[in-house]
Amino acid sequence: HVARAVELAGESDGLTQPHPKSGCVLVAADGGVVAETFQLGQGGARAEVLAADAANGGAAGGCAYLNLEPVHGNDAGEDAGVNALHRAGVTRVVIGIAHPIPGTRHAAVDALRARGVHVVVLGDDDLDEREEEAKQRGEASGASREGEMLRAATREVVAAARARNRALLYRVATGRPFSVLKYAMTVDGKIATTSGHSSWVTGPTARGAVWAERARSDAVVVGGSTVRRDNPNLTTRRKDGHLPARVVLSRTMDLPGVEEENYGLGTYDTQDDGDDGEMAAARAEKRRKPRTNLWDTSEAPTIVMTRTGARPEFQAQLRELGVEVIEFDDLTPSAVAEYCGKRGYLQLFWECGGGLAAPALNDVVIHHVMAFIAPKIIGSSGGPAPSPVGETGLDLMTDAMTLRGLALSTHGRDVLLSGYLPAVNTSGRLKRDGDGDGDGDGD
């Protein structure tokens, strides 16, 4: 049932940021499920409150299953989760993981226990105690097998609960947002043609997955070259739910002016890519909005981050349009991550070109990579075509940044390869003569 609570919490993706994702399952005393809920949006009723209302007394004497310990405190509304579980009449609560924020961790657990509710937190280190309980209920050999199964199942559920709120856990642990680097490339590793045209590398299904990931993020980050080349919107294409800020990094403020036409070289139309309706709509939108889309803050906020003193007159013009401009003495991906952590952001979604992706990787800012691969080959034409990652300074294949925890999925005709980067991205220098998968691309 905790696994089901984790699954339910996923239904609030893109709706609750920057708050955690929570799900609740209420089970009656006879074992029947009487309520399954998740928090519907920012500031909305908590999953436990919705579940207690839905159960309407049917969970009395039963058990509640949660993916995450609810917030509990003295401020208005912070006792809603505990009060709802008490009102539901459950005598036992099983929680995937405790709340990670210091001062909040175990506050709800202690409050429930003070009301006579038996609480188990699977993510706490009490597996040995529960294995001992299993031994006491059966013969030694059977209990041992039961204990091993219990440990395996518990670890799997706890891992899923942590993954569901990975951004929150990361920010609490480091003070920085969890950062995802996304790019779309052809089979031969190009994100655009030599001329800069990039519409579209992937199909509509893959682009829909990108919009969903934007909705899970607090900010979408690009560099100035992306603004000049593509004139992106960087919105979620949703009418409801969370709207991430659109962040532009530009040391020199070399960006299109507020009245300057910006049709975007990367998005001029040459071929419909089998997506006639969407391409036609995009062309019509370009005709209606020839200027830089990010300077229109009516749909989503825009933040420009630059070096101190860069083009102050232009900064003033942007501020008049509602664009927030933040100055840094030294504008680096690391400094941006630190700043966004102080703003309370949980996740940054980097949709930048190779020129910004490389320093972000070198600064160990990126934690997860989403690489969409289209079944296309474009090569080059009169010069090199851009690739997803620019100059990193790595000379040897053994110094490559290696993804862990790989996942592979298909989105229409396109393939998504995703994985995590360790805290130190490259370990190759320690094992140049070690256990590689091959000696080179020819193997």
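Here, each number is a calculation from the coordinates, and none is a lab measurement. Everything quoted here is computed from the prediction, not taken from an experiment. Positions of Cβ are generated from backbone atoms using ideal geometry, with glycine treated the same way; all protein chains shown enter the neighbour counts.
Relative contact order for the stretch 176-430: what is it in percent, counting Cα pairs under 8 Å that are at least 6 residues apart? Please list the in-between numbers first.
Values: 513 pairs, mean separation 80.1, N = 255.
Rounded, it is 31 percent for the stretch 176-430.
If you take the beta carbon distance between residue 342 and residue 377 as r and set R0 to 51 Å, what does 1/(1 + (r/R0)^6) give as a FRET efficiency, to the nearest 0.05?
Working: r = 44 Å, r/R0 = 0.86.
Rounded to the nearest 0.05, the efficiency is 0.70.
Taking a 31 Å limit on the Cα-Cα distance, which of the listed pairs 190/342; 239/342; 21/190 fall beyond it? Could you put the intermediate results ahead of the total?
Numbers: 190/342 35 Å; 239/342 28 Å; 21/190 36 Å.
Pairs exceeding 31 Å: 190/342; 21/190.
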Next on the checklist: From the phi angles alone, apply the Karplus equation (6.51, -1.76, 1.60; θ = phi - 60°) to the stretch 291-301 and give each ³J(HN,Hα) in whole Hz, x where the residue is Gly or Pro.
Outcome noted: 8, 4, 5, 5, 7, 8, 9, 6, 9, 7, x
Item to check | ³J(HN,Hα) computed for each position of the stretch 149-155 - Karplus, 6.51 cos²θ - 1.76 cosθ + 1.60, integer Hz, glycine/proline x | outcome: 5, 4, 4, 5, 5, 5, 4
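Could you work out the Kirkwood radius for the stretch 176-430, taking every pair of different alpha carbons, averaging 1/r and inverting it, reported in Å? Don't skip to the answer; put the middle values down first.
Values: mean 1/r = 0.0529 Å⁻¹.
Final number for the Kirkwood radius of the stretch 176-430 is 18.9 Å.
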Checklist outcome for this item: HN-Hα couplings for the stretch 89-98 via Karplus (6.51, -1.76, 1.60; θ = phi - 60°), in whole Hz with x for Gly/Pro, come out as x, 6, 9, 9, 10, 10, 10, x, 9, 6
Next on the checklist: Can you give me the distance in nm between label points at residue 92 and residue 404, each placed 7 Å from the Cα along the Cα-to-Cβ direction?
Outcome noted: 3.5 nm
Checklist entry - Under 5 Å between amide H atoms, partner at least 5 residues away or on a different chain: which partners does residue 223 have, H built in plane at 1.01 Å? => result 249, 353
Checklist outcome for this item: Length gained if residue 363 through residue 166 is fully extended, taking 0.36 nm per residue and subtracting the Cα-Cα distance, is 68.9 nm
Item to check | 12 Å reach of a label modelled at residue 296, 7 Å along Cα-to-Cβ, counting backbone N of the stretch 217-246 | outcome: 232-235
Next on the checklist: Please compute the length gained on full extension between residue 254 and residue 307, using 0.36 nm multiplied by the number of residues separating them and subtracting their Cα-Cα distance.
Outcome noted: 17.9 nm
Checklist entry - Can you list the residues, at least 5 places off or on another chain, whose amide H is less than 5 Å from the amide H of residue 326, using H built in the peptide plane? => result 304, 305, 306
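Based on the Cβ-Cβ distance from residue 11 to residue 321, what FRET efficiency comes out when R0 is 51 Å, to the nearest 0.05?
Numbers: r = 36 Å, r/R0 = 0.70.
Computed FRET efficiency for residue 11 and residue 321 comes out at 0.90.
Using DSSP to call loops (not H, G, I, E or B), can you name the trypsin sites (Lys or Arg not before Pro) in the stretch 311-353 whose Cβ has at most 15 other Cβ atoms within 10 angstrom?
Values: sites: 319, 342, 343; in loops: 343.
Sparse-neighbourhood loop trypsin sites (Lys or Arg not before Pro): 343.
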